[in-house]
Amino acid sequence: MSSTAGLVIPCKAAVSWEAGKPLVMEQVEVAPPQTMEVRIKIKYTSLCHTDLYFWEAKGQAPLFPRIFGHEAAGIVESVGEGVSDLQTGDHVLPVFTGECKECAHCKSEESNMCDLLRINTDRGVMLTDGKSRFSIDGKPINHFLGTSTFSEYTVVHSGCLAKINPLAPLDRVCILSCGISTGLGATLNVAKPKKGSSVAIFGLGAVGLAAAEGARIAGASRIIGIDLNPNRFEEAKKFGVTEFINPKDHDRPVQQVIADMTDGGVDRSVECTGHIEAMVSAFECVHDGWGVAVLVGVPNKDAVFMTKPINLLNERTIKGTFFGNYKPRTDLPSVVEMYMNKKLELEKFITHRVSFSDINRAFELMLRGEGLRCIINMEE
Ligand code: NAD
Ligand code: ZN
């Protein structure tokens, strides 16, 4: 048991008071974990586009004040009633979606879309009692994705915590709690390229490069990277991408360019842009007879996917995936082991590091489109 168990913990948190305005370092009070909850000390967190998107609050109902952050690693400080598989001192990755282990999805080998703990971007409170565990002078502050990792301490549902190898360096494996696992799993768990096959990756941001890393690990012989931004190509070479296409350099659809380069199409494609035209190209560029396309990017809510049904009848497959099809509690520990066994490389994703007090710099870097992942050290 820790000495703070059962007590309110005062600590520093970066609070977002208003859409698009710099976060403000505040002293917040973090209540003890309730039934099935866990309070953790965040050691490292990183910034992902989803934080930026909800902070900007351009496309959704704004919910402020709020503590953002969902890609992180921490250590269990104390556990609430009913939590039996975690204890003080365990090393954990908080995840924006959960695994209750009891619903039809959790019981299915095929799904990771837990009924109880599935991502909910609109909820700013805990599931147990509909209240927040964060407050300033008694006024509640909203949670984000059930994780709120831009705080020295946070409270998370135990079903959203993956217990990992305590020897794993938290300043690196923290990036596995969202984007990197999403791209990696899209290739390894869903596209499943065979050794020696060809894979096209649409969008070379952190998610797409993680998908490329999956293709490298699977032993793909050709990894074709497609992006509208040529600045992405140099970085992508480190991820095993062997050829590059900028759709703007061609006056015919990129799927035709790819078909010509690959004798009819690639074996697998993974779309990581969120743009509908790239989704259609990613599907139409796979080889007939066996090609599989996997959609990862989150499109505009009104976007419509159009292709000729004959493309499907010709034995092409299209699939979509959420969090790389990984079940957070069951599968993430083994992704951490892939890094520990040197199969998966994480260092190349980490392009910047800042101290917690400089968290707004991480936002500026992402707004300028610089780098891939910026690690925020909570103890500096
Ligand atoms: P990012 O913005 O860093 O990268 C996207 C890249 O796509 C950019 O380099 C951009 O230039 C390129 N691009 C845009 N339109 C293109 C087009 N038509 N053709 C080719 N390239 C194009 O984003 P990211 O952080 O890597 O995330 C990628 C996507 O994955 C986002 O849509 C994000 O919302 C989504 N995502 C999905 C899940 C999931 O579970 N399905 C989880 C996390 C992120
Ligand atoms: Zn479930």
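The values are calculated or read from the model by the stated rules, or taken from the named source; none is laboratory data. Just so you know, these numbers come straight off a predicted model, no measurement behind them. Methodologically, a virtual Cβ is constructed for each residue, glycine included, from the backbone with ideal geometry; neighbour enumeration extends over all protein chains shown.
Observations on the model:
- Scope segment 1-30; condition within 27 Å of the chain's Cα centre (by Cα) and assigned to a loop (DSSP other than H, G, I, E, B); matching residues: TRP17, GLU18, ALA19, GLY20, LYS21, PRO22, LEU23
- When SER135 is tested against (1) among the small types (Gly, Ala, Ser); (2) away from ligand 2 (no atom under 16 Å from the Cβ); (3) closer than 19 Å to VAL76 by Cα, just one condition goes unmet, and that condition is (3).
- Check on GLY74, under 24 Å from MET366 (Cβ atoms) and in contact with a Ser or Thr (Cβ under 8 Å, 6 or more places away or on another chain): yes
- Output for segment 334-361, where each listed residue is among the aliphatic types (A, V, I, L, M) and over 20 Å from SER181 (Cβ atoms): VAL354, ILE359
- Qualifying residue in segment 339-359 (condition: more than 16 Å from ligand 2 (Cβ to nearest atom) and in contact with a Pro (Cβ under 8 Å, 6 or more places away or on another chain)): no
- Residues satisfying the stated conditions in segment 365-380, i.e. part of a helix (DSSP H, G or I) and surrounded by 13 or more Cβ atoms within 10 Å (Cβ to Cβ): LEU365, MET366
- Of all residues in segment 70-88, those satisfying the criterion of being part of a loop (DSSP other than H, G, I, E, B), more than 16 Å from ligand 1 (Cβ to nearest atom) and in contact (Cβ under 8 Å) with a residue 40 or more places away in the chain are GLY80, GLU81, GLY82, VAL83, ASP85, LEU86, THR88.
- Counting only helices (runs of 4 or more DSSP H) that sit wholly inside segment 138-220, those with at least 1 residues that are within 19 Å of VAL95 (Cα to Cα) and polar (S, T, N, Q) are 179-185.
- Check on ARG268, modelled with pLDDT of 95 or more, basic (Lys, Arg) and touching a helix residue (DSSP H, G or I) at 6+ places or on another chain (Cβ under 7 Å): yes
- Among all positions in segment 94-116, there is no residue which is within 16 Å of ligand 1 (Cβ to nearest atom), in a helix (DSSP H, G or I) and more than 25 Å from ASN189 (Cβ to Cβ).
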